[in-house]
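Below is one structure; the comments refer to it alone.
The values are calculated or read from the model by the stated rules, or taken from the named source; none is laboratory data. Being a predicted model, the structure only gives us computed values, none of them experimental. Heads up, the Cβs are rebuilt from the backbone with ideal geometry, glycines too, and the neighbour counts pull from every protein chain shown.
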Amino acid sequence: MSVMASAPSLLAQIAFWVLAAGTLGFALLTITRKSAVAALMALVGSFCAVAGLYATLSAHFLAVLQVLVYAGAIMVLFIFAVMIMSRDETQPVALRGLFLRAAGVLAAGYLFYRVAWIVALEREAEVLSRSTVYPIPGFGTVASVGRLLFHDFLFPFEAVSILLLVAVVGGVLLARPFRPGGGAS
Amino acid sequence: MPGYAYILVSLALFFIGTAGVLLRRNALFVLMSLELQLAAGSLALLAFSRGLGDEKGHVVAFFVMALAAAEAAVGLAIVVSVYRTRKKIDLDGVNELRN
């Protein structure tokens, strides 16, 4: 069975387009909503659609982690922050300095247009044209990714745990009420 | 689907995140847009990982996820402490380091 085999099946195409549209649509909703809660719910939708895209790339372990970590843990964190600071914006986009920011967005848009152009030009390259419908046996499962994590990437894995510990301590330190005089209590 | 379709989706998602970071004033929305950008990066990593048939991209995407969790924790703590001292979280007013 060739990896470069024929056009993807109709079902795979439908799944890809629905998930891609969901990802981008919910992302657009996220950055345009006035209410923080509505934006958060759109963000959850976007992350779930991204997890579906991971699954179509046969990255099953990462898809489950995406739902657990992003749509679960990080969202809970954001919801707590919204509950602490619950006020909607009256003016979502600043008028002061808007010209400069709009120029920045235009420049970024032009950059992404050029990169997309390069990707479209190089779409016949093997790494970009390989179809994702035919699974490689054992690719992206918990067993194989876990084996890689605990053999080749054991040191970075442990370093990430230290990073998370530092982030938790830093978060507690920063979010603690400020006391003049510097008392820890 | 071919890999380049995923790369194009990832590019578009990253651009939406960039627009959110540049245009929104509220620090919460800026952090959400940053999360979108990180997810776009992970998507590109996984697409190339699939195209090359190499699982190392999955490990890097895993690290990106851990990094995003750490970034959200510290970023939201900073936003909460800014809110506590200034009573608002618009980023264009935050330009001083004194307390």
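For this structure, a couple of remarks:
- Test: A:A59 is modelled with pLDDT under 90 and either surrounded by 19 or more Cβ atoms within 10 Å (Cβ to Cβ) or touching a Gly at 6+ places or on another chain (Cβ under 7 Å) (or both): yes
- Residue among B:L43, B:L13 that is among the hydrophobic types (A, V, I, L, M, F, W, C), in contact (Cβ under 8 Å) with a residue 12 or more places away in the chain and in contact with a Phe, Trp or Tyr (Cβ under 7 Å, 6 or more places away or on another chain): B:L43
- Residues in the range A:153-184 that are β-branched (V, I, T) and at pLDDT 90 or above were compared, and the one that is farthest from B:H58 (Cα to Cα) is A:V169.
- Those residues of the range B:22-34 which are facing another protein chain (nearest Cβ under 7 Å), in a helix (DSSP H, G or I) and under 19 Å from B:V74 (Cβ atoms), in sequence order: B:L28, B:F29, B:M32, B:S33
- Selected residue [more than 30 Å from A:S9 (Cα to Cα), at pLDDT 85 or above, in a helix (DSSP H, G or I) and at the interface with another protein chain (Cβ under 7 Å from one of its Cβ atoms)] from B:A19, B:A47: B:A19
- In the condition set (1) modelled with pLDDT under 90; (2) in a helix (DSSP H, G or I), A:K34 is compliant with all but (2).
- Condition met for B:V9 (in a helix (DSSP H, G or I), of a type outside the set (F, W, Y) and within 24 Å of B:L76 (Cα to Cα)): no
- Just one of the listed residues (B:R50, B:R25) is surrounded by fewer than 22 Cβ atoms within 10 Å (Cβ to Cβ) and basic (K, R), and it is B:R25.
- Residues located in the range A:64-84, provided they are free of Cβ contacts under 8 Å to residues at least 12 places away in the same chain, of a type outside the set (G, A, S) and facing another protein chain (nearest Cβ under 9 Å): A:L65, A:V69, A:I74, A:L77, A:F80, A:I84
Yes/no per residue for (1) surrounded by 16 or more Cβ atoms within 10 Å (Cβ to Cβ); (2) modelled with pLDDT of 85 or more:
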residue: A:I74; (1), (2): yes, yes
residue: A:A102; (1), (2): no, no
residue: A:V133; (1), (2): yes, no
residue: A:I136; (1), (2): no, no
residue: A:H151; (1), (2): no, yes
